[in-house]
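Reading through the structure tokens given below for one structure.
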Amino acid sequence: MAHLDRVFRSNLKLRHLQLVVALDEFRHLGRTAEFLAVSQPAVSRMLSEVESMLGLTLFERSSRGTEPTLAGESVVRFARGVLAQYERTRDEIDAAASGAVGKTRVGAMPVTVPVLLTQAIERLKLASPRATVLVEEGDLTHLLPKLRLGELDFFVGRLEPGYAAPDLSTEVLYEEPMVAVSARKSAIARKRAPTWADIAALPCVMPPPWASLRVKLEQQFHRHHVTPSADLMETSSYLTALACVGQRGAVGFLAQSAAQYFEQQGLCRVLNIPLEVSVPPVGVMTLREAKLSASSRQLLECLREVARVLSA
């Protein structure tokens, strides 16, 4: 234990941490070498050096590539956390030197991007034009590990109750219902009161099978005694959904504020059909013990201001 403590405190260098993270990303010595701009033998020597220092095998090598061991997975998590903190500190120092307010890394679900997050960033830029916001879009399954590793400052999206945990702090911003959308000039868009049978007769864009919303939408079809279309596309991306709606004449399901925004841009038509699905509220999630930078706190306040407008 004392040996490992000494290695982590004194012997491991930044290049060692970058190596294990790159190996975990690419799972291949050659691609890792290409990414780090060094030779493959140099990658092998550096990995052997790290493993020798720790007295542990971090990656199993085979003809198929590299695979982290249990010890390797632990070291990778440590390396990701250190590198995330390094990047955050570097950005804050650069921002202070240049007079900017810093950089904020946000994990966002598609439900928040077109209206809530975009308008909040616009408010932030009015107050601090040189502030930088990095937005990584995805779902909680993808973004929550990055939040815990410090690679994201906070998450904004639907607060799924199944992801609540003691190390996370959540703040509800507003309720965001779902609506159905179609192409602007489609036959179903011209109907005053389309039915679920009308929707089932068309190609359909649905959330992925693992999304809680998927089950609730399928229940809506069955509640109205129709079967969802066999011509099915699955995506959590609003951009992909809109492309399918516009080009294939499909019906999709979007958050109300996003759908209304896209309708104003001429990209879809919100259908006059009630979606009686219960969805979690939109809110913010942060690490309970994390200390947010000034720019992150400023963006959070902008999100609250926009959320108050959307709620009203």
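The values are calculated or read from the model by the stated rules, or taken from the named source; none is laboratory data. Computed from a predicted structure; not experimentally measured. Cβ placement follows ideal geometry from the backbone for every residue including glycine, while neighbour counts extend to all protein chains displayed. Protein only, heavy atoms only, side chains kept; ligands, DNA and RNA dropped before computing areas. Shrake-Rupley method; radii C 1.70, N 1.55, O 1.52, S 1.80 Å.
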Stretch gain in nm, segment Thr141-Val215, where the contour uses 0.36 nm per residue and the Cα spacing is subtracted = 24.9 nm
query = When the helices in the chain are scored as -39500 (n - 2.57) per DSSP H run of 4 or longer and the sum is shared across all residues, what 222 nm value do you end up with, to the nearest 500 deg cm²/dmol?
reply = -14500 deg cm²/dmol
remark   = Descending accessible area (1.4 Å probe), largest on the left, turns Arg105, Arg80 into Arg80, Arg105
ask   = For the Cα atoms of the chain, what angle does the longest principal axis make with the long axis of helix 14-26, in degrees from 0 to 90, nearest 10?
value = 40 degrees
message = Taking the 0 to 90 degree range and rounding to the nearest ten, how far is the long axis of helix 70-98 tilted relative to the main principal axis of the chain, both from C-alpha atoms?
response = 80 degrees
ask   = Can you list residues whose amide H is under 5 Å from Met206's amide H, if they're 5+ apart or on another chain and H is modeled 1.01 Å from N?
value = Met233, Glu234, Thr235
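What percentage of the solvent-accessible surface of the range 126-189, computed with a 1.4 Å probe over protein heavy atoms, is contributed by carbon and sulfur atoms?
57 percent
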task = Would you kindly state how much longer the chain becomes between Asp231 and Ser63 on full extension, computed as 0.36 nm times their sequence separation minus their alpha carbon distance, in nm to one decimal?
result = 56.5 nm
key: Per-residue SASA entry for Tyr163, accessible area with 1.4 Å probe, Å² rounded to 10   = 80 Å²
task = With a 1.4 Å probe and every protein chain left in place, work out the accessible area per residue of the range 174-233 in Å², rounded to a whole number.
result = 53 Å²
query = Under a plain spin-label model, where a point goes 7 Å from the Cα along Cα-to-Cβ, how far apart in nm are Glu289 and Phe78?
reply = 1.6 nm
query = Which whole-Hz ³J(HN,Hα) couplings does the range 180-196 yield from phi under the Karplus relation 6.51 cos²θ - 1.76 cosθ + 1.60, θ = phi - 60°, glycine and proline marked x?
reply = 9, 10, 9, 5, 4, 9, 6, 5, 5, 5, 7, 7, 5, 9, x, 10, 5
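Which percent of the accessible area of the range 1-79 is formed by carbon and sulfur heavy atoms (probe 1.4 angstrom)?
Carbon with sulfur: 53 percent of the solvent-accessible area.
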ask   = Full extension from Leu275 to Glu25: what is 0.36 nm times the residue separation minus their Cα-Cα distance, to one decimal in nm?
value = 86.0 nm
task = Could you give the spread of the C-alpha atoms of the range 178-270 along their three principal axes, from largest to smallest, in whole angstroms?
result = 31, 27, 21
note = Measuring from its Cα centre, the range 1-79 shows a charge dipole (+1 at each Lys and Arg Cβ, -1 at each Asp and Glu Cβ) which, in debye to the nearest 20, is 160 debye
note = With a ≥ b ≥ c from the Cα gyration tensor eigenvalues, square-rooted, and the rule rounded for a/c under 1.5, otherwise prolate when a/b > b/c and oblate otherwise, the range 1-79 is prolate
request  = Treating the Cα atoms of the range 27-143 as identical point scatterers in vacuum, please give the log10 of the normalised Debye intensity I(q)/I(0) at q = 0.09, 0.16 Å⁻¹, two decimals.
outcome  = -0.42, -0.94
